[in-house]
């Protein structure tokens, strides 16, 4: 027996009654997941919330029919068996891992849920040697395929082109506010503000290892500071900018990466080789900042590039002058 899996039954060892009970519990779980998605989306995406409410009702209908089938064949007592009790049975991701990833991710997860159930029942039916069990599994596969078809109908009924465009625009705006904006601020801070201490140290000492240590300390310290500042400055309730934890992570990570980009070249022992590579990295970082501003913030590229380059050059020059002095 494999440790940790001895308590699980193989699907091939389940009786027809247990297979039916497993289908009932799975339908119940899926209905609860869809209702959780609907509740999560109701405020910002009411049309999609209606779709998931409809899908939950469909799952309820299938569950009732499965219960009626169980009552007619095996009586009122339904065995307690769930997905986690069966080795190899498809699993569902915890709702909290999916619901915070945006509208498209939730829709993809719902499609995957129906596809997983359909595929599993089809494979199980093919491998079954019992005629009644094979028929039962085939019926379950057809039911899951019907769920997918009904989901498409519900999308067509509840989400027109205008509503879909509005929801996608709202999702994009939320993504920008929660991830792009704080991440961009962090990247700008990390890439620009660390130029002065890194290059001042480089030209003052011409010691690549010391420069790397100073650059790493400046980058990590700035990342921690930016992350906590972003998370503590706005809880997102009034501004609508989303989770402070997400924004703090985006700002902190991007600040650290922005600074480490031109600190890492100083792992090279030759000073001028490391410095030339660091200059090239700075150029790439500044170009990336201008591109992100143009792509997500609708800032004209030339204006964004001019602003970033001017600021970066001034800070870089200050560091070099101070270090050389």
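The values are calculated or read from the model by the stated rules, or taken from the named source; none is laboratory data. Because the structure is a prediction, the values reported are computed rather than measured. Positions of Cβ are generated from backbone atoms using ideal geometry, with glycine treated the same way; all protein chains shown enter the neighbour counts.
Every listed requirement among (1) part of a helix (DSSP H, G or I); (2) at pLDDT below 80; (3) surrounded by fewer than 16 Cβ atoms within 10 Å (Cβ to Cβ) is met by residue 121 save one, (3). State which residue is nearest to residue 179 (Cα to Cα) when the search covers only the range 66-91 and only residues that are assigned to a loop (DSSP other than H, G, I, E, B) and at pLDDT 75 or above. Among those residues, the one meeting the criterion is 82.
The selection criterion, being assigned by TED's automatic domain parsing to the domain that holds residue 142 and at pLDDT 85 or above, holds for residue 36.
Exactly one residue out of 58, 53 is in the same structural domain as residue 141 (by TED's automatic domain parsing), without any contact (Cβ under 8 Å) to a residue 24 or more places away in the chain and over 20 Å from residue 89 (Cα atoms): that is 53.
Considering the conditions (1) surrounded by fewer than 17 Cβ atoms within 10 Å (Cβ to Cβ); (2) out of contact with any strand residue (DSSP E or B) (no Cβ under 8 Å at 6 or more places or on another chain), residue 30 is excluded by exactly one of them, (1).
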